[in-house]
Amino acid sequence: MMMMDLINIMIGILILIIGVMIGVAFLILLERKVLGYIQIRKGPNKVGFMGLLQPFSDAIKLFSKEQTYLIYSNYLSYYFSPIIGFILSLIIWVLIPYYFNMISFNLGILFFLCCTSLGVYIIMVAGWSSNSNYSLLGGLRAVAQTISYEVSLSLILMSSIIMIMDFNLMKFNIYQSLVWFIFLMFPLGLCWVSSSLAETNRTPFDFAEGESELVSGFNIEYSSGGFALIFLAEYSSILFMSLLFTLLYLGGYSLSLIFYLKMSLISFLFIWVRGTLPRYRYDKLMYLCWKIYLPISLNFLLLIIGLKVFLF
């Protein structure tokens, strides 16, 4: 019986990974389409019906291209950092609180914070091991940004955790059955969206990829498969951040179409922001984190602790 359970879990994880990969492929297609229409042009519309097969043809092209080997790079760390980054971005998806056949554990939020903080090392090693000044600068910027916004993400999460007094993501569904947390913690919800944009290196906080001054950031020396893996990891984390926002603030997890629509809407918001807003200034990004989000999240935390103490 135990062996069958393990086999079921492995099959479930495999199906999950395939589902995430297909979701990432169509998220990339959605982004290219939406950006196209925002810029008054067509997106990809030739490969397959309405361009639906475009992401798959791009993936085949990228993975079949020849891998470039840099003479002066630290080869092992250069080669393996995109692979480990990609694996990390998939491991976090185990956290989805399934009702059946999967791993569901009580310390889900702590696991999420551990995995995201490990992602910092991947960016740092990828930028450093390429042995290029541009990629090193991009990597340093990305690391400073990601570490800063992890602090704000953790403090924003603390308010929700103290509200339900549990680390299990399944519990958020129960506690939001009457009212969504977005109505109770609206400023924190906005801070979370903005912090997750910075955490995933997205516009308007994409300083790691500031094309005007850094060419392409920490991934400049990567081509073909390595670049594709970095790209997939980024979009997988965008999808996961959308999922987490839906879990924390928009009613929790439910096996329904509305849950996936909410998640798609938040993913669309990421793309919409990219098509609309210009890039922020780097010092303002740091001020935003340490002088605005930190006080807001700490004050909310004190408010919620006070409410818990006096009301319950």
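Things worth noting here:
- Scanning the stretch 56-78 finds no residues that are closer than 29 Å to L247 by Cα and surrounded by 13 or more Cβ atoms within 10 Å (Cβ to Cβ).
- In the stretch 155-182, the residues that are modelled with pLDDT of 90 or more and farther than 18 Å from K308 by Cβ: W180, I182
- Residues of the stretch 178-191 that are more than 15 Å from S242 (Cα to Cα) and free of Cβ contacts under 8 Å to residues at least 60 places away in the same chain: L178, V179, F183, L184, F186.
- Test for G275: is it of a type in the set (G, A, S) and farther than 24 Å from L118 by Cβ: yes
- Residue pairs meeting the criteria (Cβ under 8 Å; at least 6 apart or on separate chains; first closer than 16 Å to L27 by Cβ and free of Cβ contacts under 8 Å to residues at least 60 places away in the same chain, in the stretch 44-64; second polar (S, T, N, Q) and in a helix (DSSP H, G or I)): P44/Q54
- Test for I271: is it in contact with an Asp or Glu (Cβ under 8 Å, 6 or more places away or on another chain), crowded, with 20+ Cβ neighbours inside 10 Å and in a helix (DSSP H, G or I): yes
Residue-by-condition table, conditions (1) under 13 Å from S224 (Cα atoms); (2) of a type outside the set (G, A, S):
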position: Q54; (1), (2): no, yes
position: S64; (1), (2): yes, no
position: L70; (1), (2): no, yes
position: S77; (1), (2): no, no
position: F86; (1), (2): no, yes
position: W93; (1), (2): no, yes
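- Residues in the stretch 249-264 that are among the aliphatic types (A, V, I, L, M), part of a helix (DSSP H, G or I) and surrounded by 14 or more Cβ atoms within 10 Å (Cβ to Cβ): 1 in all.
- With respect to (1) more than 30 Å from F172 (Cβ to Cβ); (2) in a helix (DSSP H, G or I); (3) touching a helix residue (DSSP H, G or I) at 6+ places or on another chain (Cβ under 7 Å), the lone exception for L76 is condition (3).
- Some residue of the stretch 48-63 being among the charged types (D, E, K, R) and under 22 Å from A198 (Cβ atoms): no
- Checked against (1) under 21 Å from I292 (Cα atoms); (2) buried (at least 22 other Cβ atoms within 10 Å of the Cβ); (3) not acidic (D, E), F245 passes all but a single condition, namely (2).
- Count - residues of the stretch 258-301 that are within 20 Å of the chain's Cα centre (by Cα) and not polar (S, T, N, Q): 23
- Test: residue in the stretch 29-39 that is of a type outside the set (F, W, Y), modelled with pLDDT of 90 or more and more than 24 Å from the chain's Cα centre (by Cα): yes
- Pairs, first in contact (Cβ under 8 Å) with a residue 24 or more places away in the chain in the stretch 5-21, second of a type outside the set (A, V, I, L, M) and not in a helix (DSSP H, G or I), C-beta under 8 Å, six or more apart: N8/N101; I9/N101; G12/Y98; G12/N101
- Helices (runs of 4 or more DSSP H) (entirely within the stretch 95-187) containing at least 3 residues that are closer than 30 Å to F218 by Cα and touching a Phe, Trp or Tyr at 6+ places or on another chain (Cβ under 8 Å): 108-129, 133-164
- Annotation note: of Y287, Y293, Y222, the sole residue that is surrounded by fewer than 23 Cβ atoms within 10 Å (Cβ to Cβ) and either at negative phi or part of a loop (DSSP other than H, G, I, E, B) (or both) is Y287.
The values are calculated or read from the model by the stated rules, or taken from the named source; none is laboratory data. Owing to the predicted nature of the structure, the values given are computational and were not obtained by experimental measurement. Neighbour counts are summed over all protein chains in view; Cβ atoms, including those assigned to glycine, are modelled from backbone coordinates with ideal geometry.
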